[in-house]
Amino acid sequence: MENATNPIIVEQTFNVAKSEVWKAITDHEEMVQWYFENIDSFLPEEGFKTQFIVKSGDRSFTHQWKVTETIPGQKITYDWKYAEYHGDAFVAWELTEEGELTLLRLTCVGIESFPPEIPEFTRESCHAGWKYFIQERLKEYLNKKS
């Protein structure tokens, strides 16, 4: 991809076991509690597809995900498209143990392929969104569980 050299990267360290973080980012029942509450289904299996609609003002964003890589307990990557807009992004979630802590590194590439006139597709908006999900929502969710 043309922008693979300029990915959005968000990292967060959690004071929980790697298995707990993995479950939170791949188990449908947990994902809907901190990520997108309207995810219809999710399986961390290569080839798995799902879609769901998110509204923003008067715009609809039909998220279309396809899992492209899974290393159980360590990494999951999915292709991320929208039914209403051209473009194709990839999101990779990678987990690393650091002593008793778990580091999550999210890498998103391809946002530049989406229509630049849509505010939700700006680099700033995407980066802020990932920081919100990882450093606020997921962190809060895992802290409540432990």
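The values are calculated or read from the model by the stated rules, or taken from the named source; none is laboratory data. Since this is a predicted model, take the numbers as computed values, not measurements. So basically every Cβ, Gly included, is an ideal-geometry build from the backbone, and we count neighbours across all protein chains shown.
For the range 46-60, give me each residue that is part of a loop (DSSP other than H, G, I, E, B) and either at positive phi or among the charged types (D, E, K, R) (or both). Glu46, Gly47, Gly57, Asp58, listed by residue number. Please verify whether the range 58-71 includes one or more residues that are of a type in the set (Asp, Glu) and exposed (fewer than 14 other Cβ atoms within 10 Å of the Cβ). Looking through the range 58-71, at least one residue is of a type in the set (Asp, Glu) and exposed (fewer than 14 other Cβ atoms within 10 Å of the Cβ). Just one of (1) under 17 Å from the mean Cα position of the chain (by Cα); (2) within 19 Å of Lys139 (Cβ to Cβ); (3) not small (Gly, Ala, Ser) trips up Asp79, so point out which. Answer for Asp79: the failing condition is (2).
Of Lys144, Lys131, Lys139, which residue is out of contact with any Asp or Glu (no Cβ under 8 Å at 6 or more places or on another chain), over 20 Å from Asp40 (Cα atoms), modelled with pLDDT under 95 and of a type outside the set (Gly, Ala, Ser)? Spell out how you get there, then give the answer.
Details: Lys131 fails: modelled with pLDDT under 95; Lys139 fails: modelled with pLDDT under 95.
Checking each option against the conditions leaves just Lys144.
Would you be able to say whether some residue in the range 84-105 is of a type in the set (Ser, Thr, Tyr), under 14 Å from the mean Cα position of the chain (by Cα) and closer than 21 Å to Lys131 by Cα? No; the residues of the range 84-105 include none that is of a type in the set (Ser, Thr, Tyr), under 14 Å from the mean Cα position of the chain (by Cα) and closer than 21 Å to Lys131 by Cα. Looking across the range 137-146 at every residue that is of a type in the set (Lys, Arg) and touching a residue at least 24 places away in the same chain (Cβ under 8 Å), the one that is farthest from Arg59 (Cα to Cα) is identified as Lys145. Which of the residues that make up the range 102-136 are surrounded by 14 or more Cβ atoms within 10 Å (Cβ to Cβ), within 23 Å of Ser56 (Cβ to Cβ) and charged (D, E, K, R)? Answer for the range 102-136, where residues must be surrounded by 14 or more Cβ atoms within 10 Å (Cβ to Cβ), within 23 Å of Ser56 (Cβ to Cβ) and charged (D, E, K, R): Glu112, Glu120, Arg123, Lys131.
Here Lys75, Lys66 are screened, and the one residue that is basic (Lys, Arg), touching an Asp or Glu at 6+ places or on another chain (Cβ under 8 Å) and more than 20 Å from Val21 (Cβ to Cβ) is Lys66. Considering the conditions (1) of a type outside the set (Ser, Thr, Tyr); (2) at pLDDT 95 or above; (3) in contact with a helix residue (DSSP H, G or I) (Cβ under 8 Å, 6 or more places away or on another chain), Asn3 is excluded by exactly one of them, (2). Of the residues examined, Leu106 is one that is in contact with a helix residue (DSSP H, G or I) (Cβ under 8 Å, 6 or more places away or on another chain) and under 18 Å from Asn6 (Cβ atoms).
Restricting attention to the range 25-45, the residues that are closer than 17 Å to Thr77 by Cβ, assigned to a helix (DSSP H, G or I) and either in contact with a Pro (Cβ under 7 Å, 6 or more places away or on another chain) or touching a residue at least 60 places away in the same chain (Cβ under 8 Å) (or both) total 2.
Of the residues making up the range 76-101, not one is surrounded by 14 or more Cβ atoms within 10 Å (Cβ to Cβ) and outside any strand (DSSP E or B).
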